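See structure below.
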Amino acid sequence: MTQPAILISEVGPRDGLQNCKCVMATPAKKRWIAALAAAGVREIEVGSFVSPRLLPQMQDTPEIAAFARTVPGLVVAVLVPNLKGAEAAVAAGADKITLPLSVSETHSLRNIRRTHEQVLGEAKAISALLASLPPGRRPHFEGSLSTAFGCTLEGPVAEAVILRCAEGLMAAGCDEVGLSDTTGYANPAGVRHIIRAVRGVIGAQNLTGIHLHNTRGLGLANVLAALEEGITTFDASLGGLGGCPTAPGASGNIVTEDLVFMLESMGLSTGIDLEALMATRRIVAEALPEEELYGFTPRAGLPLGYQPAGRAGP
Ligand code: ZN
């Protein structure tokens, strides 16, 4: 079988749960991750290595990451805010480490009390740590440009600053740079523009993934714009879990089920069995009965004659 065209990185267990009021019990997280993988999800961001005091939802990340490693073929991704987090991620055997760098320095200072220079310093320290590991055990290292399409504190961020941050992350030793619409401010024209601009300075091969939110309903339109620019990795969250605190009724991350439906219907394979994926919502609904689960496709059901990509009709 050929490799699916698009990689969907499921971020529900991290971005989704991090924004939930409740804490999902560790056994439920494990069941969910195993079910996602069984549905064909190949990469899952399983948690973040941050202070449990700040994010109690993430306190079991070491155990969850260790469990996820036992799931055959699964790429275990984690988010880390600094070198200390990266050390914990390496100890847990993560396959992929993402370090966010907020292009809005105001946001960076407010959120993690670090300037761009300081975050890039962490990136350098993490690269040095990874370089000290045997080649087969080095996690893939991504620097993610948060608030790349606008910030709730600064508004639009100057393009020159975004490009400087992208170059800084590559110079610090990241394997690649990702774009993140942390605030749900992006629109398709802006997505195209920023992808081209960032690729112009770091090279197309170093920008292959994007993290989009659906705060203003433009999530899938933004996916299409990014697809047409050649982006092949998309973050999404099952049921748009986590919601959006500033936009009631709106999902947080783009909804994985709707994303898979769009891509597969367009003939772009994801490797994910959509019905099996939708069935995993039950695990989340049972574990977090108070959380709203979003998604149009799960509500409407699959259309008559739905054909996933690569499976020709009779
Ligand atoms: Zn996010």
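The values are calculated or read from the model by the stated rules, or taken from the named source; none is laboratory data. Please read all numbers here as calculations on a predicted model, not as lab measurements. Note that we place each Cβ from the backbone using ideal geometry, even for glycine, and neighbour counts take in every protein chain shown. Side chains included, ligands, DNA and RNA excluded: accessible areas come from the protein's heavy atoms. Shrake-Rupley method; radii C 1.70, N 1.55, O 1.52, S 1.80 Å.
Between residue 300 and residue 171, the contour length at 0.36 nm per residue exceeds the Cα-Cα span by 41.8 nm.
With the convex hull drawn around the C-alpha atoms of the chain, the volume per residue stands at 126 Å³. Candidates 49, 24, 5 compared by Cα position along the dipole of the chain: farthest toward the positive end lies 49, with charges placed on Cβ. The lysine pair tally for the stretch 7-300, using Cα distances under 22 Å and a gap of 8 or more places or different chains, is 7.
Extension gain for residue 228 to residue 140 (0.36 nm times residue separation, less C-alpha to C-alpha distance): 29.2 nm. Paramagnetic label reach from residue 91 (point 7 Å along Cα→Cβ; backbone nitrogen cut-off under 17 Å): within the stretch 128-145, residues 129-130, 133, 139. Which part of the stretch 246-289 falls in the paramagnetic zone of residue 5, meaning amide N under 19 Å from the point 7 Å along Cα-to-beta-carbon? Output list for this probe position: 256-275. Per-atom-type breakdown for the chain gives carbon and sulfur 55% of the accessible area (1.4 Å probe, protein chains only). Protein heavy-atom accessible surface, 1.4 Å probe, per residue over the chain: 43 Å².
As a rough guide to protection, the peptides 247-253, 130-136, 225-231 ranked by mean Cβ packing within 10 Å, highest first, stand as 247-253, 225-231, 130-136. About its Cα centre, the chain has a charge dipole of approximately 400 debye under the convention of +1 per Lys or Arg Cβ and -1 per Asp or Glu Cβ, with nothing else charged. Approximating the spin labels as points 7 Å out from Cα along Cα→Cβ, the residue 70-to-residue 196 distance works out to 5.0 nm. Between the residues 267, 33, 146, the greatest Cα displacement towards the positive end of the dipole of the chain, with unit charges on the Cβ of Lys, Arg, Asp and Glu, is found for 33. Adding -39500 (n - 2.57) for every DSSP H run of four residues or longer, then dividing by how many residues the chain holds, sets the calculated 222 nm ellipticity at -11500 deg cm²/dmol.
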